[in-house]
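Let me begin by presenting the structure, written as structure tokens, before commenting on it.
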């Protein structure tokens, strides 16, 4: 069964009329639709359950200058014709200069970074920053993307957004994540173009680098303390498949947890954008299940921002113990930008007055909220709930519906959620840090560790 998003010919034609061009992209269905609040389903015959979206390839301002405009216009014409039950016209034919034969030519889309600031779906994910910082960050991505194509990129951390407790005069290392299609091929290109970005491991070749990336930790390979266009950066490389899997299923919460907080998206990808919207909804649901009936928006954001730190050992070694609260306090407007549109789409949350919210805590509503959580998280909570019942000598309900309602209304649900998130985060965070010694090299690892301890020592004074 196909479940299309923007798949009708009329929708595509309207997008073309608005100056936007789309190409089909396919997204796994199972965990996606279960997490979205509003999804229309249609009956289609197919051997595999899939969800269709359309990839936004470029901005409106590039439409008329792009060599693929004629192809986009033809696609719109085809869509319009099929909507009116008319046979589609043929694509433009071009005569060959060397013969009288008619040949059909296609124009390859130029490999250009997809810097897009204006969206409709997922617009909440795009946080504004000042133009000077935007240009700096974009230049870093441009420099690497030119030789090794990147599909999705974002910058994050105190180098991009202000954090309370950090010295604004010092320029911290700026953190990036690059989502790529094929890590081994990407590293092959990047090692040729930027061999100095890599530790000794890079001399073993792209296969060794990709094996280290995907075989250990959270599937991310970091190159720290790299100088790019006068900026000191640390960039992590992850496959789009690994990234989207974590966003949808919370397999490690290493990147999905990072995206619970404001980041600056520099290159966007429709599959990742859709997966991240599911991720943000799930973070909101976990926070709501952990909060009382009435709460403030700041309490909600603090719950959300703290999820990925629950099992992170770095919080006890060199990190500011007040880091979560400091992030929320300094970036409150960005959190509102990220989550207010989602809260507006949740029927179980109402605004009492500015900054104060109330949620429906009825058993039925909480059960539905719990049902939409990522499978790994849900299973972990049920396991801990069953263990608690067994220790108390209480019989476990066999009916699935009653069981879900019981756990969703359990007084200790917030503890079950916190312990499960802790268990998901702990091992990947630890193994990813250990992997960093090999990927960054001993010198850079020591330099990074000294920076963290220096921050901790400065606050301790």
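Okay, here's what the table says:
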| quantity | calculated |
| --- | --- |
| Residue check, residue 301 farther than 19 Å from residue 372 by Cβ and more than 17 Å from the chain's Cα centre (by Cα) | yes |
| Count - residues of the stretch 147-164 that are modelled with pLDDT under 95 and surrounded by 17 or more Cβ atoms within 10 Å (Cβ to Cβ) | 6 |
| Selection status of residue 428, modelled with pLDDT of 90 or more and in a loop (DSSP other than H, G, I, E, B) | no |
| Subset of the stretch 313-333 (residues that are part of a helix (DSSP H, G or I) and touching a residue at least 12 places away in the same chain (Cβ under 8 Å)) | 313, 314, 323, 324, 325, 326, 327, 328, 329, 330, 332 |
| Out of 357, 382, 373, sole residue that is crowded, with 16+ Cβ neighbours inside 10 Å and in a helix (DSSP H, G or I) | 382 |
| Candidate set from the stretch 337-351 (those that are in a strand (DSSP E or B) and at pLDDT 95 or above); member that is nearest to the chain's Cα centre (by Cα) | 349 |
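This table checks each residue for (1) part of a helix (DSSP H, G or I); (2) buried (at least 16 other Cβ atoms within 10 Å of the Cβ); (3) at pLDDT 95 or above; (4) in contact with a strand residue (DSSP E or B) (Cβ under 7 Å, 6 or more places away or on another chain).
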{"position": "305", "(1), (2), (3), (4)": "yes, yes, yes, no"}
{"position": "308", "(1), (2), (3), (4)": "yes, yes, no, no"}
{"position": "311", "(1), (2), (3), (4)": "no, yes, no, no"}
{"position": "335", "(1), (2), (3), (4)": "yes, yes, yes, no"}
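Residue by residue, here is whether (1) within 29 Å of residue 344 (Cβ to Cβ); (2) surrounded by 16 or more Cβ atoms within 10 Å (Cβ to Cβ); (3) outside the structural domain of residue 336 (by TED's automatic domain parsing); (4) modelled with pLDDT of 95 or more holds:
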residue	(1), (2), (3), (4)
97	no, no, yes, no
100	no, no, yes, no
107	no, no, yes, no
112	no, no, yes, no
117	yes, no, yes, no
132	no, no, no, no
139	no, no, no, yes
145	no, yes, no, yes
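Residue by residue, here is whether (1) on the phi < 0 side of the Ramachandran plot; (2) assigned to a helix (DSSP H, G or I); (3) more than 21 Å from the chain's Cα centre (by Cα) holds:
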position	(1), (2), (3)
396	yes, no, yes
404	yes, yes, yes
416	yes, yes, yes
433	yes, yes, no
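The values are calculated or read from the model by the stated rules, or taken from the named source; none is laboratory data. These numbers come from a predicted model, not from an experiment. Cβ: placed from backbone, ideal geometry, glycine included. Neighbour counts: every protein chain shown.
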